[in-house]
Every structure is written in structure tokens, then in C-alpha cells.
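Written out below as C-alpha cells is the structure these notes cover.
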Amino acid sequence: MNTLIAILTFLTTTPARLDNPWTAPLSHCEDPAVQKKLQDRPGFWEQTKDEKLIKHIQTAKIKAIGFNIGGSTISLRLDFTDGSSAAFKPDQFHEETVPRYEIAAYHINKLLGMSRVPPSSWRVITKKELVNKLKGVTFSQRRRILREVKFYKDGTVKGEVSHWVPVINYLHLESMTWRSKWMSWLAPYDQLFRDQFLMAAQISNMILFDFIINNPDRFTGSNTLSTPDKSHLYYMDNTFSFYPNDQGSGMARIYMSQVRRFSKKMIDNLKKLTKAAIKKEIAKVKNPPWTILTEKELNSVIKRRDYLMEHIVKTVAHHGWSKSVVFP
């Protein structure tokens, strides 16, 4: 009797919840709501033009400087007199942190049609201002700053400054629980539910982006970040990137090889990623205290782009376009 009631309930209530089969999208990729969620606006960060944010973080008056906990390198927080903040990574004696690479990553993220790396540029402050405005910093942290930050002979500190993202969530995509999920999502076999599709599309783009900039550090812990609701990934912390390896570092290449589902828009933008395009984009950074990317580093980016495109072509040839190019 209970079974009969359940069947009757299903038959009488389900049609009202179903989309019209003649007008419903055939796939998540064709769903306007999904497309909107995955649509980035290069040059804008949360409806504000990047140029406006960059000008502010480069020129705003500093009220206090704090020490960002986490990570093995020096990362500071600049608190401005107007109540806003910025992240600041000074030049330092750590090979795994090269501040100019975050600026380069931001601009390449734009060229690839994304807005996942917070707006970034350069800023120079004096050693005196840095030391005098340290606030809430322990003795050991202060000692680390004085020992590890690169102070120049003219009494300045050069570094990379980024728009501050006030609230982030550590998604831990490197964990076995998460890894087993997204690796299956990026294989060209299983049908994905809507929420899986939305996350898989972002992870696919993130891994390809990391290969282009040669970032081996994404899945080493606490570097896969998102909005608090876990719906939108940020591609932050890229200062350990751009080592001139034409086929990518071992880790970046391994993760790239696991991606067998791609975004059509990403493929189109990869085709347009030329050395001339990168130079033109980076030239928008006016009077930087160092070269943002050297010729050797630029050439290596293009070699990795070619290597990645070869992987995409082989994957599509093997599995077919409909199974491989599934994201908008």
C-alpha cells in the first residue's frame, strides 16, 4: 500500500518540477544559468575596474603593516587610512617567492579570459616606514622581516601589492577526499551533476593556468582557495611560478595530464596567447622596479602553451570533441 502511495505521489508531483523537455538545455554547458556562473569579466574584480583598485593599492596612505600567518615566506598586510587593505609581498631571500611573478600571473589570467587572480601591481616603501608601522607583530616575526626581506641600498623595499580579498575559504583540493572527486570529474567518462560541473570547470581552468605559468605549488597545501560558499575559486599565490621549463615542472605537468575535459573559451584564449600579446599586456605595468618577465621566461611560457595545446589536441582526437570540450 505504501509503495502504491509513493508511486502515485511521484506521478502526480514530478511533472510540475520538471523543465519543459522542448526548451530545457541539452547539457549544463548550454544552460544560461551555468554559463553566467562561469563567466568571468577580465579587467573587473567584483564589478570594480581593476585599474581603479590597482591605483588605490599603489598610492593609498599606509596606517599599519601586519604579518600574514601561514606559508614559509614573508607576506604582509598593508592597512590603509581609509579602512581598506592590500596584500604585500616584498622582495626577499627566498627562491620560492618572486613577487613580480604574481603580477605576471595576474596579467596572464586576464589574457586567458579570467578574473581569478586579484588585481596586482608593484609598490615601493621605505625601510623606515615598514619598521615603524609594524603592528601586532611578534618579536620573532619582526626578526624574520629584518633578516629575510631584501632592503635596497637606497633604503627602500620593493614588492608586489595585491587587492585584499577579505574572506576566503581553504578548499583543500589536494586532500584525498577532494582529489578522488575532481580527478574523476575531469576524465571524459562520467556524467556530471550541476554542482560537480560548475566546480570541475573551474578546476580544469585552474590546472591549465598553473601549467602555463608553471606553478607547481597549487596542491601542496592551503593554496586552493574559494569564496566562503565554495562556489567560486580564486587562483591566488603564484610567486613560485614561471621557472623557465619548456614542458613545465614535474608536478604541474602531472596535474595537467589529468585534465581531459576542457573549456571552449580557454582553448580559444590559449590560441591567442602569443609572446606579443603577453608583452603588450605586461607593458600596461608602468615603471616597475624590475622586469616583470624576462625574455627567457616569456619564451618558456609560449613553449608550455604549445605543449599544452598538443595535449588538448591529442585528448580531443582520442576521446572526441563532445566528451573532451564540455565546459563553456
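Every number here is computed from the coordinates shown, using simple stated rules; none is lab data. Given the structure is predicted, the values throughout are model-derived calculations rather than measurements. Note that we place each Cβ from the backbone using ideal geometry, even for glycine, and neighbour counts take in every protein chain shown.
Relative to the compact-globule scaling 2.2 N^0.38 Å, provide the ratio for the alpha-carbon radius of gyration of segment 27-105. It would help to have the intermediate numbers written out before the result.
Numbers: Rg = 17.1 Å, N = 79, 2.2 N^0.38 = 11.6 Å.
My calculation over the Cα atoms of segment 27-105 gives 1.48.
Among S257, S27, S241, which one shows the highest mean-square fluctuation when the chain is modelled as a Gaussian network with alpha-carbon springs under 10 Å?
The residue with the greatest mean-square fluctuation here is S27.
Report the rotationally averaged projected area of the chain based on its alpha-carbon convex hull, in square nanometres.
21.3 nm²
Simple spin-label model, 7 Å along Cα-to-Cβ: I168 to K279 in nm?
Placing both labels 7 Å along Cα→Cβ, they lie 3.3 nm apart.
Taking segment 55-107, which chymotrypsin sites (Phe, Trp or Tyr not before Pro) meet the DSSP loop condition and have no more than 13 other C-beta atoms within 10 Å?
Qualifying residues, ordered by number: F93.
Lys and Arg at +1, Asp and Glu at -1: add these up for the other residues within a Cβ distance under 13 Å of Q47 and post the number. Kindly include the intermediate steps, with their values, before the conclusion.
Working: positive: R41, K49, K52; negative: D40, E46, D50.
Counting the neighbours of Q47, the net charge comes to 0.
How are the C-alpha pair distances of segment 48-163 spread across 10 Å bins, as whole percents from the shortest bin up?
With 10 Å bins starting at 0, P(r) equals 14, 47, 32, 7, 0.
What number comes out for the charge environment of W164, summing +1 per Lys or Arg and -1 per Asp or Glu over other residues with Cβ under 10 Å away?
Charge balance near W164 sits at 0.
From Cα coordinates alone, what are the radius of gyration and Dmax values for segment 159-249 in angstrom?
13.9, 45
Where is the GNM fluctuation largest for the chain (alpha-carbon springs, 10 angstrom cutoff): E95, E51, E297?
Highest fluctuation of the listed residues: E95.
To one decimal place, what Kirkwood hydrodynamic radius in Å is obtained for segment 110-268 from all pairs of distinct Cα atoms?
18.0 Å
Remind me, relative contact order of the chain in percent, using alpha carbon pairs under 8 angstrom and six or more residues apart? Can you show the working numbers first?
Numbers: 480 pairs, mean separation 61.8, N = 328.
Computed value for the chain: 19 percent relative contact order.
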